[in-house]
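Visitor: Below is a structure I'd like to ask you about.
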Amino acid sequence: MQNTSWMPPSVSDSPTIETFILEGMFQASAATGTFTSILNQIVLSSKLITGRVRRAGLADLLGHTGGTNVQGEVVQKLDVIANETLIRQLKRRGHCAGIASEELDHAVIFPEATGNYLVCFDPLDGSSNIDVNISIGTIFALMRFDRSKGPPTEQTFLQKGSDMVAAGYIIYGSSTVIVMTTGQGVHGFTYDPTAGEFFLSHENLRVPERGNTYSINEGNHARWSPQVKAWNQYIKGDGPGRPYGHRYVGTLVADAHRTLLRGGVFVYPEDKKNPDGKLRLLYEAAPMAMIFEAAGGAASTGTRRVLDVEPGELHQRVPLALGSKRDVEDYEAILRGETPVP
Ligand code: AHG
């Protein structure tokens, strides 16, 4: 006899992501057909990528291609598939005028497009985790440009995060979930493979004001600055609400998703090997920063708001501290040499 009052909810009672986009989420933000169409193409891409990720071990899709990308990183077969899928879908309707991808040295402009939106993406974040069956993801951001000033160029992509009009990520985890924002409200949608649809599952996500988990690659400790080491000592030290627990997946999307839902802080700081940090501003740090701020959290380089950083080039890196507002503030305070107020 089960001793519970829990009843399985009917997932299909929730709106699909397409319905939510059309009817509610983006009404306030100039939801033209163009904008909605681009979001729909990203949703379609995520379904196609999910299909490939879920069958990867059976379809000779694990392992690397033998090449390296612009960052000097080994390119995995699924990186190529995810990248091609997004480009093909975004090009299709002519609404997206160009893309910038982690996997490509330069932006790709679609000359026949008529729309005034650009999309930046990391097609498959955490690709070193693919072969060991750990969560991976896709990160994206939409930006606008003024077509009356001529067609876009690579330069047109160099916009601050605060100018982005939408951002999101897709996590291919125990289920596939899309989390998206247009700056007001962050919503999550879970994929139901039997229906082939994403249904609203996390409405109006709010990151807790403070958490009890920190996330950083501790293996880099020897390369950190004395200030980052001081923060690391603090968060692991004894005191009110401390020590924090440690969690680190090594896929930004997975570490960010846990931090968004549970609170706490994710940090990838600058270090001796990566003097500007490791994560890329346009398609990793800035979209995540937009999502976290819209959910009541914060994102900082350690010294300034990530959304205020002007990109100097497409693949620019930036140090990142992302998470609960109070936890990010503590990190900034310690970097300034101050003692946080618990
Ligand atoms: P990529 O998109 O090249 O797979 O990048 C992975 C990123 C990010 O997802 C993660 O937070 C970070 O690299 C992990 O880096 P370390 O292995 O250095 O910890």
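The values are calculated or read from the model by the stated rules, or taken from the named source; none is laboratory data. What you see is a predicted model; the values in this text were computed from it and never measured. So basically every Cβ, Gly included, is an ideal-geometry build from the backbone, and we count neighbours across all protein chains shown. To get the accessible areas, we keep the full protein, side chains included, count just its heavy atoms, and leave off ligands, DNA and RNA. Shrake-Rupley method; radii C 1.70, N 1.55, O 1.52, S 1.80 Å.
Visitor: Would you mind telling me the share, in percent, of accessible area of the chain contributed by carbon and sulfur at probe 1.4 angstrom?
Guide: 49
Visitor: Just the accessible area per residue of the chain, please: how many Å² with a 1.4 Å probe?
Guide: Values: 14950 Å² over 342 residues.
Averaged over the residues of the chain, the accessible area is 44 Å².
Visitor: Also, I was wondering about something else. Please state, to two decimals, what the Cα-based radius of gyration of the chain comes to when divided by 2.2 N^0.38 Å (N = residues).
Guide: Compared with the compact-globule rule of thumb, the chain sits at 0.98.
Visitor: Relative contact order, percent, of the stretch 213-335 when contacts are C-alpha pairs under 8 Å separated by at least 6 residues?
Guide: On the way: 204 pairs, mean separation 35.3, N = 123.
The value is 29 percent.
Visitor: Picking from L104, L322, L118, which is most flexible by a Gaussian network model of the chain using Cα springs under 10 Å?
Guide: L104
Visitor: Of all beta bridges DSSP finds with both residues in the chain, what is the antiparallel percent, to the nearest 5? Mind showing how you got there, number by number?
Guide: Working: 45 of 55 bridges.
Of those bridges, close to 80 percent are antiparallel.
Visitor: For the stretch 101-217, what is the convex hull volume of its Cα atoms per residue in Å³?
Guide: Values: hull volume 21.1 nm³, N = 117.
Value for the stretch 101-217: 180 Å³ per residue.
Visitor: Hey, got the dipole for the stretch 59-156? About the Cα centre, +1 on K and R Cβ, -1 on D and E Cβ, debye to the nearest 20?
Guide: On the way: 8 positive and 13 negative charges, 127 e Å.
Dipole of the stretch 59-156, to the nearest 20 debye: 620 debye.
Visitor: While we're on this one: So between K272 and T68, what do we pick up on full extension, going 0.36 nm a residue minus the alpha carbon distance? Don't skip to the answer; put the middle values down first.
Guide: Working: separation 204, 0.36 × 204 = 73.44 nm, distance 2.26 nm.
Difference between extended and current length: 71.2 nm.
Visitor: If you put +1 on each Lys and Arg Cβ and -1 on each Asp and Glu Cβ, how big is the dipole of the chain around its Cα centre, in Debye rounded to 20? Walk me through the numbers before you get to the answer.
Guide: Working: 32 positive and 37 negative charges, 45 e Å.
Its charge dipole is roughly 220 debye.
Visitor: Mean Kyte-Doolittle of at least 1.0 and a Cα length of 27 Å or more along the axis: which whole DSSP H helices of the chain meet both?
Guide: Details: long enough: 33-54 (31 Å, 0.50).
Membrane-span-like by this criterion, though nothing is claimed about a membrane: none.
Visitor: Net charge within 12 Å of R223 by Cβ-Cβ distance, Lys/Arg positive one each and Asp/Glu negative one each, not counting R223 itself? Could the numbers behind the result be given before it?
Guide: Working: positive: K229, K272, K273, K278; negative: E218, E270, D271.
Within the 12 Å Cβ shell, the charges total +1.
Visitor: Cβ neighbours within 10 Å, averaged per peptide: list 247-259, 281-293 in order, most packed at the top. Walk me through the numbers before you get to the answer.
Guide: On the way: 247-259: 22.5, 281-293: 28.1.
Order by mean packing, descending: 281-293, 247-259.
Visitor: With the Cα gyration tensor of the stretch 213-335 in hand, give its eigenvalues times 5 under a square root as the equivalent ellipsoid semi-axes, listed largest first in whole angstrom. Kindly include the intermediate steps, with their values, before the conclusion.
Guide: Working: eigenvalues 85, 57, 33 Å².
For the stretch 213-335, the ellipsoid semi-axes come out as 21, 17, 13 Å.
Visitor: Now a separate question. For the stretch 145-294, what relative contact order do you get, as a whole percent, if you take Cα pairs closer than 8 Å and at least 6 residues apart? Each step should come with its number before you reach the end.
Guide: Working: 210 pairs, mean separation 38.9, N = 150.
Reported relative contact order: 26 percent.
Visitor: Just want to confirm a number: the relative contact order over the chain, from Cα pairs under 8 angstrom separated by 6+ residues, in percent.
Guide: Numbers: 704 pairs, mean separation 51.2, N = 342.
RCO, the chain: 15 percent.
Visitor: For the chain, set up a GNM with springs between Cα atoms under 10 Å and report which of G183, G297, G51 has the largest fluctuation.
Guide: Of G183, G297, G51, the most mobile in the Gaussian network model is G51.
Visitor: In nm, what is the difference between 0.36 nm times the number of residues separating L44 and S148 and their Cα-Cα distance?
Guide: Values: separation 104, 0.36 × 104 = 37.44 nm, distance 2.98 nm.
Extending this stretch completely gives an extra 34.5 nm.
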